[in-house]
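Everything on this sheet refers to the single structure shown next.
The values are calculated or read from the model by the stated rules, or taken from the named source; none is laboratory data. Note that the structure is a prediction, hence the values are computed from the model and not measured. With ideal geometry, Cβ positions are generated from the backbone for all residues, glycine too; neighbour counts draw on all protein chains shown.
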Ligand SMILES: C[S@@+](CC[C@H](N)C(=O)[O-])C[C@H]1O[C@@H](n2cnc3c(N)ncnc32)[C@H](O)[C@@H]1O
């Protein structure tokens, strides 16, 4: 049943986000490469992933810092600016494609966000390696990404997990 109050909606959203990140972390245990976080925000999911994935480098894309200093990535791991500016040169900066990417840069207005989401969905293709995992709070229709079936319960509601498939020939 869909909750009708904000508190339970938020609990449901954050529970799904956490559970999908746990699932994606398990999917990439044997996949090399760093983690990409799109949307630092308050640093909640960044802090979760650095606890859950010790030893993985985590690169964060964020246009403005508004979290406590202890959640700000170390120098070199923050790609500060609008993703439209930072993503195109990111592979050269990071040096290798990622094992896992988490997308959380949108608002509640999916329609207003759609142009950015659609652009980002394709622009990040070279940034995530074959076999890697993607977590998003909204559908991302990249032709190389295969949607993973999630358990049919509220612990995963309104979230999406993808496995990155092989490169397609030109
Ligand atoms: C929902 S918050 C992220 C929440 C975060 N994952 C957490 O757990 O605390 C979305 C973040 O995306 C950032 N953002 C939105 N549009 C962006 C863009 N075009 N480029 C870079 N960052 C963007 C916002 O500044 C905001 O901090």
Only one of (1) part of a helix (DSSP H, G or I); (2) modelled with pLDDT under 95; (3) within 16 Å of the chain's Cα centre (by Cα) does not apply to residue 106, and that is (1)
Going through region 19-46 in order, the residues found to be surrounded by 17 or more Cβ atoms within 10 Å (Cβ to Cβ) and in a helix (DSSP H, G or I) are 19, 20, 21, 23, 24, 25, 27, 45, 46
Of 56, 84, 68, 63, the only residue that is closer than 20 Å to residue 161 by Cβ and at pLDDT 95 or above is 56
Scanning region 58-100 for residues that are within 12 Å of the ligand (Cβ to nearest atom), closer than 11 Å to residue 38 by Cβ and outside any helix (DSSP H, G or I) gives 60, 61, 62, 63, 79, 87
Within region 48-57, restricting to residues that are in a helix (DSSP H, G or I) and more than 8 Å from the ligand (Cβ to nearest atom), the one that is surrounded by the most Cβ atoms within 10 Å (Cβ to Cβ) is 49
Of (1) modelled with pLDDT of 95 or more; (2) in a helix (DSSP H, G or I); (3) closer than 21 Å to residue 21 by Cα, residue 116 fails just (3)
Filtering region 105-120 down to residues that are crowded, with 18+ Cβ neighbours inside 10 Å and under 13 Å from residue 158 (Cα atoms) yields none
The correct count of residues that are within 17 Å of residue 56 (Cβ to Cβ), away from the ligand (no atom under 12 Å from the Cβ) and crowded, with 18+ Cβ neighbours inside 10 Å in region 130-140 is 3
So, first residue over 14 Å from residue 102 (Cα atoms) in region 116-144, second residue within 15 Å of the ligand (Cβ to nearest atom), Cβ within less than 6 Å, six or more apart or across chains; the pairs are 123/87; 142/121
